[in-house]
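Structure first, commentary second.
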Amino acid sequence: MKSVAIVYWSGTGNTEAMAQLIAEGVQGKGGKADLIQAADFGPGKLDAYESFAFGCPAMGDEELEDSEFLPMYDEVEPLLAGKPVALFGSYDWNDGEWMESWEDRAVGAGIELVDSVIAKDYPDDEATAECMRLGALLAE
Ligand SMILES: Cc1cc2nc3c(=O)[nH]c(=O)nc-3n(C[C@H](O)[C@H](O)[C@H](O)COP(=O)(O)O)c2cc1C
């Protein structure tokens, strides 16, 4: 059974809803999913998991949330080289540029990028299916 860490920050619940759908996808494949707030995660927790999903909405100007999520992510990213990682998050008024930059930096750090999912506001039917698919991929 694979253990998957789903680590996220969410201001108004949209990215949190995505995290819960990803967890359902993991569980549907018989995996174990832990939902963890960004502020509660760090390098000491990496060894407990085989794969990871990191979620953060577009904040600032197409940036990751910088008080809780980014400091945590900056710390763990170099330690995730070679590990399977998925990225996800919600956005509203732009078209997902923050996720493109995030994917680029993750791949540049040597992460094995499984896939990414973005949702405009609360996940609609299509984003729901994508989140569940992502969870299933992480559990494989
Ligand atoms: C301070 C702030 C900055 C934001 N910046 C962006 C942005 O640069 N691009 C964008 O598409 N949406 C932006 N948004 C919209 C959020 O990404 C969107 O509302 C998202 O659904 C929030 O997800 P959450 O419910 O998980 O917090 C911003 C929202 C806030 C509050």
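Laboratory data are not the source of any read-out in this text; all were calculated from the coordinates shown. The shown structure was predicted, so the numbers you read here are calculated from the model rather than taken from an experiment. Positions of Cβ are backbone-derived with ideal geometry, glycine not excepted, and every protein chain shown enters the neighbour counts.
Brief remarks follow.
- In this Cβ point-charge picture (+1 for Lys and Arg, -1 for Asp and Glu), the chain has a dipole of about 800 debye about its Cα centre.
- In percent, rounded to a whole number, the relative contact order of segment 3-139 is 34, using alpha-carbon pairs under 8 Å and six or more apart.
- Eigen-decomposition of the gyration tensor built on the alpha-carbon atoms of segment 3-139 gives equivalent ellipsoid semi-axes of 19, 18, 13 angstrom, largest listed first.
- Helix runs (DSSP H) in the chain reaching 18 Å along axis by Cα, Kyte-Doolittle at least -1.0: 14-28, 125-139
- Applying the criteria of a DSSP loop state and at most 16 other Cβ atoms within 10 Å to the GluC sites (Glu not before Pro) of segment 10-50 yields Glu50.
- Point-to-point label distance, Gln27-Glu68, nm (Cα→Cβ direction, 7 Å offset): 2.2 nm
- Compared with the direct C-alpha span, the chain from Glu100 to Lys120 gains 5.7 nm at full extension, assuming 0.36 nm per residue.
- Here each label is just a point 7 Å from Cα along the line to Cβ, and for Glu50 and Glu75 those points are 2.7 nm apart.
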